[in-house]
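Below: one structure, written as structure tokens.
The values are calculated or read from the model by the stated rules, or taken from the named source; none is laboratory data. What you are looking at is a predicted structure, and each value in this text was computed from that prediction instead of being measured. A quick note on method: Cβ atoms are made from the backbone with ideal geometry, for glycine too, and the neighbour counts reach across all protein chains shown.
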Amino acid sequence: MKLEPTKQSKRLRVALCVFFLIHIYLCSIPFVLIYNEETNESLSYTVIDLLLMFRIGNAAELARLSMLSAIFIIIPAAGFFFAAFDKQRGLKFGVGIACSILGATVVTILIGPAMLSIGSLLALLLYIITLFLSVLGLFSRNLPG
């Protein structure tokens with residue numbers, strides 16, 4: 001079902017695109033903080049580091065995270081492509097809600113509260129913002145303007 005986009009829904013669509021691109025960028029800054037018991041130091045890893053460490057085969061925790069770290073890039077990429085290319089249907093806001101809830105759940109479950117770093121904390125904050133914008137976008141047809 002095609003819907004006529006309003007000014008607010010166009011602005012919200014662009015904002016969702018920008019926030020999902022920021023999510024993808026956050027994968028390149030320290031995302032996971034892992035404590036090494038042998039050397040008594042904490043090491044920060046980006047999502048890209050975790051993807052490449054799967055080939056190295058370090059500790060069991062790194063292996064688990066490296067296998068699943070591609071999902072940190074796939075979820076915001078799916079949200080971005082839906083927001084960018086779905087111009088007339090209201091599907092972009094439903095997918096935005098699903099990506100926000102799924103992304104926040106994946107960050108909290110896979111990484112855990114003890115291993116959160118600056119990238120994952122900012123990602124959680126932005127997932128809350130994108131959830132708010134997506135819910136607002138669902139109701140943007142009822143807004144004046």
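Tabulated results
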| quantity | calculated |
| --- | --- |
| Hits in the range 78-121 (condition: hydroxyl-bearing (Ser, Thr, Tyr) and without any contact (Cβ under 8 Å) to a residue 60 or more places away in the chain) | Ser100, Thr105, Thr108 |
| Flag for Arg64 being at negative phi, loosely packed, with under 15 Cβ neighbours inside 10 Å and either part of a helix (DSSP H, G or I) or at pLDDT 90 or above (or both) | yes |
| Filtered residues of the range 95-145 (kept if touching a strand residue (DSSP E or B) at 6+ places or on another chain (Cβ under 8 Å) and assigned to a loop (DSSP other than H, G, I, E, B)) | Ser117 |
| Count of residues meeting criterion [without any contact (Cβ under 8 Å) to a residue 60 or more places away in the chain and surrounded by fewer than 18 Cβ atoms within 10 Å (Cβ to Cβ)] in the range 122-141 | 7 |
| Boolean, Leu131 is more than 15 Å from Pro30 (Cα to Cα) and either modelled with pLDDT of 90 or more or not small (Gly, Ala, Ser) (or both) | yes |
| Filter result for Ile74 (modelled with pLDDT of 90 or more and β-branched (Val, Ile, Thr)) | yes |
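Yes/no per residue for (1) within 23 Å of the chain's Cα centre (by Cα); (2) surrounded by fewer than 16 Cβ atoms within 10 Å (Cβ to Cβ); (3) at pLDDT 85 or above; (4) more than 28 Å from Ala98 (Cβ to Cβ):
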residue: Leu3; (1), (2), (3), (4): no, yes, no, no
residue: Leu26; (1), (2), (3), (4): yes, no, yes, no
residue: Met53; (1), (2), (3), (4): yes, no, no, yes
residue: Ile56; (1), (2), (3), (4): no, yes, no, yes
residue: Ser69; (1), (2), (3), (4): yes, no, no, no
residue: Phe81; (1), (2), (3), (4): yes, yes, yes, no
residue: Phe85; (1), (2), (3), (4): yes, yes, yes, no
